[in-house]
Amino acid sequence: AQSVTQLGSHVSVSEGALVLLRCNYSSSVPPYLFWYVQYPNQGLQLLLKYTTGATLVKGINGFEAEFKKSETSFHLTKPSAHMSDAAEYFCAVASSGGTSYGKLTFGQGTILTVHP
Amino acid sequence: DVKVTQSSRYLVKRTGEKVFLECVQDMDHENMFWYRQDPGLGLRLIYFSYDVKMKEKGDIPEGYSVSREKKERFSLILESASTNQTSMYLCASSYETRAIMTNEKLFFGSGTQLSVL
């Protein structure tokens, strides 16, 4: 079984400040890890994903995340927040073993608020 | 552009009604999923389908069933709606062969907000 825990249901930052959204996972096999973003009244969009290879992954809109196996973490960062980053962010894990059909287990979500 | 379309954005139903939520994808994807989204709980998988007429239970299948008669369409059925099924329902699809773990991303619809009164 696999699971995802996002620390902090709400994060608030000022425009231009560092964004850090925390995600820890548990998985019995090497995981595939994802961050999705959901803007108001929209479905989820993929920000970035880690499957294999380089542990620092760059995504869209200036976001990046680092896979740290020893810490079972996949935290999402952005050096400078923009007002348009306000949204809900979801961390997700998929199993690399067997055939998962792209089935993901999601975390609880973190709502990011950006203040002027 | 790829598209996953959910038939209704908002739906209001009464307790005990049979409810159909429809989802159509135009990407010839093999896999389709139904999630429900609740504040503080994130997304939880209800059912998924990896081929026409094939389905598997997700984490919270109780009170739901699904139908996939055609590759592009995946329906979620609430046999007898209850108030605890009031939620946002998200449909998603992905392409992934059985032989190769490509882990292509999921494509999501915009969601159906269902209220059961």
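Quick notes
- Strands (runs of 3 or more DSSP E) completely within segment A:1-95 that count 2 or more residues being open to solvent by less than 40 Å² (accessible area, probe 1.4 Å): A:3-7, A:10-14, A:19-26, A:31-38, A:44-50, A:64-68, A:73-78, A:87-95
- Wholly enclosed strands (runs of 3 or more DSSP E) of segment B:35-85 bearing at least 2 residues touching a residue at least 24 places away in the same chain (Cβ under 8 Å) and not hydroxyl-bearing (Ser, Thr, Tyr): B:42-51, B:64-70, B:73-78
- Within segment B:41-67, tally of residues that are more than 8 Å from chain A (Cβ to nearest Cβ) and surrounded by 20 or more Cβ atoms within 10 Å (Cβ to Cβ): 5
- Hey, B:Lys105 open to solvent by 30 Å² or more (accessible area, probe 1.4 Å), modelled with pLDDT under 90 and under 22 Å from A:Gln108 (Cβ atoms) or not: yes
- The number of residues in segment B:7-24 being at pLDDT below 95 and either in contact with a Leu (Cβ under 6 Å, 6 or more places away or on another chain) or open to solvent by less than 70 Å² (accessible area, probe 1.4 Å) (or both) comes to 2.
- Odd one out for B:His29 among (1) part of a loop (DSSP other than H, G, I, E, B); (2) more than 11 Å from chain A (Cβ to nearest Cβ): (2)
- Subset of segment A:43-66 (residues that are of a type in the set (Val, Ile, Thr) and over 26 Å from B:Gly109 (Cβ atoms)): A:Thr52, A:Thr55
- Hits in segment B:68-81 - residues which are open to solvent by less than 70 Å² (accessible area, probe 1.4 Å) and either out of contact with any strand residue (DSSP E or B) (no Cβ under 7 Å at 6 or more places or on another chain) or aliphatic (A, V, I, L, M) (or both): B:Lys71, B:Leu76, B:Ile77, B:Leu78, B:Ala81
- Restricted to segment B:25-40, and to residues there that are of a type outside the set (Asp, Glu) and open to solvent by 50 Å² or more (accessible area, probe 1.4 Å), the residue that is farthest from the chain's Cα centre (by Cα) is B:Gly40.
The values are calculated or read from the model by the stated rules, or taken from the named source; none is laboratory data. No experiment lies behind these values; they were computed from the predicted model shown. Reconstructed Cβ throughout: ideal geometry from the backbone, glycine too, with neighbour counts over all protein chains shown. Just the protein is used for accessible areas: all its heavy atoms, side chains included, with ligands, DNA and RNA removed. Shrake-Rupley method; radii C 1.70, N 1.55, O 1.52, S 1.80 Å.
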